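J.: I have a structure I would like to understand better, so I am pasting it below and will then ask my questions one at a time.
Every number here is computed from the coordinates shown, using simple stated rules; none is lab data. Owing to the predicted nature of the structure, the values given are computational and were not obtained by experimental measurement. Positions of Cβ are backbone-derived with ideal geometry, glycine not excepted, and every protein chain shown enters the neighbour counts.
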Amino acid sequence: MTADTAPSLDFSSGTTYVFPLYGMEAFADDFELGDARVMRLPVHQWAYIEKSSIGDRILEQAVRSPLFAVFTRPDITGAASAEEFPAVDTRFRYLLMAMRLLRGSVLIDPTLSARYFASGAITSRYSALYRQAFVNFATADPYTMRPDDIGRLMTLRHLVQRAADAAWREADLVLENLNHRFAPNLTPHDRYGIMCTTLEMLLGPFNKKSLAVRAAAACALSPSWLGERFDEQAFLRGPGLGLRNIVAHGAGRELPLPIEEGVEKLTTILRRTVATYLVLRHLHAGAAAPVDWFNTILAGVASGDAAASSLAREAFRDAAMSEPPA
């Protein structure tokens, strides 16, 4: 679909809230994703909501617009548009965090670029540091949406929203750290360090051999569509730990594997572990801290404990996160 044939948005009634998805490519240029519509706007509409010199630059230089997540509120106009923005932004954040769990590819958080809303002839935006950086943005590792991803994203979005509604602060912090791993200003070393810290929030000290066992158990519980499996234990006990020590302590040793490869492997482990935590967390009961309880369950799964394994399998079935039958 070209810029000239892309579907247009009607800004004439209500309010439209628009979130750019820089880095995303998809199976279509206009489709429903839960309570959002994902679409690629005509370039002139992208320029319209940007306005000013950035809008002029878009009109002059843009080959096509990015995909946008669009939320419409036909009942909201005028000053109420700004008042309602935080609620709509929260709905988008749930979707963004679900996207982070589903796939570890480049997708820029709109809080680092810009977010918009338009009502009739009035448009407004929340601009950020990288607002001017994404005209004709392209990446070697795009976040690719496929038709099968829609249902999976809705399942993950439910888990994210459940955690938010229950005010699980540790889950919120872990998800935000996972999101920050994709910030465009970070080096691969920065990304690896952030993920090591985040994994330790859930599984304890990285240098404990039992961390690798429990991480592998979390990965084994999660469905295959969250990423390709590999020998997580061998990675975390060997080159993954070596990379962690070099990144954390500045050791001048030769890297045990390319840092980019380590980032990808650790991203997959972290996404699977976080998803497993969100599936199990609502079953937590008793005096133990939720993270301690989670690790007890993972240790039981790893050792073949029947009660722990049964609890985990049932939780994944209830969350619609079990693998489909062969």
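J.: Looking only at the stretch 176-208, which residues have a backbone nitrogen under 20 Å from a spot 7 Å from the Cα of H249 in the C-beta direction?
T.: Hits in the stretch 176-208 for H249 at 20 Å: 189-201, 204-208.
J.: Can you list the residues, at least 5 places off or on another chain, whose amide H is less than 5 Å from the amide H of L257, using H built in the peptide plane?
T.: Amide H to amide H, under 5 Å and 5 or more residues apart or across chains, L257 pairs with nothing.
J.: Which order do the peptides 257-263, 36-42 come out in when sorted by mean C-beta neighbours inside 10 angstrom, highest first?
T.: For the peptides 257-263, 36-42, the packing ranking is 36-42, 257-263.
J.: Continuing with this model, one more query. Compare the peptides 74-84, 272-282 by average per-residue count of other Cβ atoms within 10 angstrom and give them in order, highest first.
T.: 272-282, 74-84
J.: Given springs between every Cα pair under 10 Å in a Gaussian network model of the chain, which of N295, N136, N179 has the largest fluctuation?
T.: Looking only at N295, N136, N179, the largest GNM fluctuation is found for N136.
J.: With θ taken as phi - 60° and the coefficients 6.51, -1.76 and 1.60, list the Karplus ³J(HN,Hα) couplings across the stretch 280-285 in order, rounded to whole Hz; mark glycine and proline as x.
T.: 8, 4, 5, 8, 4, 8
J.: HN-Hα J couplings of the stretch 109-121 from phi, Karplus 6.51/-1.76/1.60, θ = phi - 60°, integer Hz, Gly and Pro as x?
T.: 4, x, 5, 9, 10, 6, 10, 10, 9, 9, 9, x, 7
J.: Under a no-solvent Debye model with one identical scatterer per Cα of the stretch 15-133, what's log10 I(q)/I(0) at q = 0.11, 0.19 Å⁻¹?
T.: Ignoring solvent entirely, the Cα scatterers give -0.34, -1.09.
J.: In nm, to one decimal, how far is the Q132 label point from the T187 one, both placed 7 Å along Cα→Cβ?
T.: It is 2.6 nm.
J.: Using a cut-off of 21 Å between alpha-carbon atoms, which lysines can reach K265, once sequence neighbours fewer than 8 places away in the same chain are excluded?
T.: Within the straight-line cut-off, K265 pairs with K208, K209.
J.: Determine ³J(HN,Hα), in whole Hz, for all residues of the stretch 127-142 in sequence, where each value follows from phi through the Karplus function 6.51 cos²θ - 1.76 cosθ + 1.60 and θ = phi - 60°; x replaces Gly and Pro.
T.: Values, residue by residue: 7, 9, 4, 9, 3, 8, 8, 10, 5, 6, 5, 9, 9, 6, 10, x Hz.
J.: Using amide H atoms built 1.01 Å from N in the peptide plane, name the residues 5+ places from T144, or on other chains, whose amide H lies under 5 Å from its own.
T.: Result for T144 returns E25.
J.: Would you compute, from DSSP H runs of 4+ residues alone, the mean residue ellipticity of the chain at 222 nm, taking -39500 (n - 2.57) per run and dividing by the full residue count, rounded to the nearest 500?
T.: -16500 deg cm²/dmol
J.: Let me ask another. Would you mind calculating the relative contact order of the chain from Cα pairs under 8 angstrom and at least 6 residues apart, reporting the percent as a whole number?
T.: 17
J.: Work out, step by step, the length gained on full extension between E323 and A79: first 0.36 nm times the residue separation, then minus their alpha carbon distance; give nm to one decimal.
T.: Value of the extension gain: 83.2 nm.
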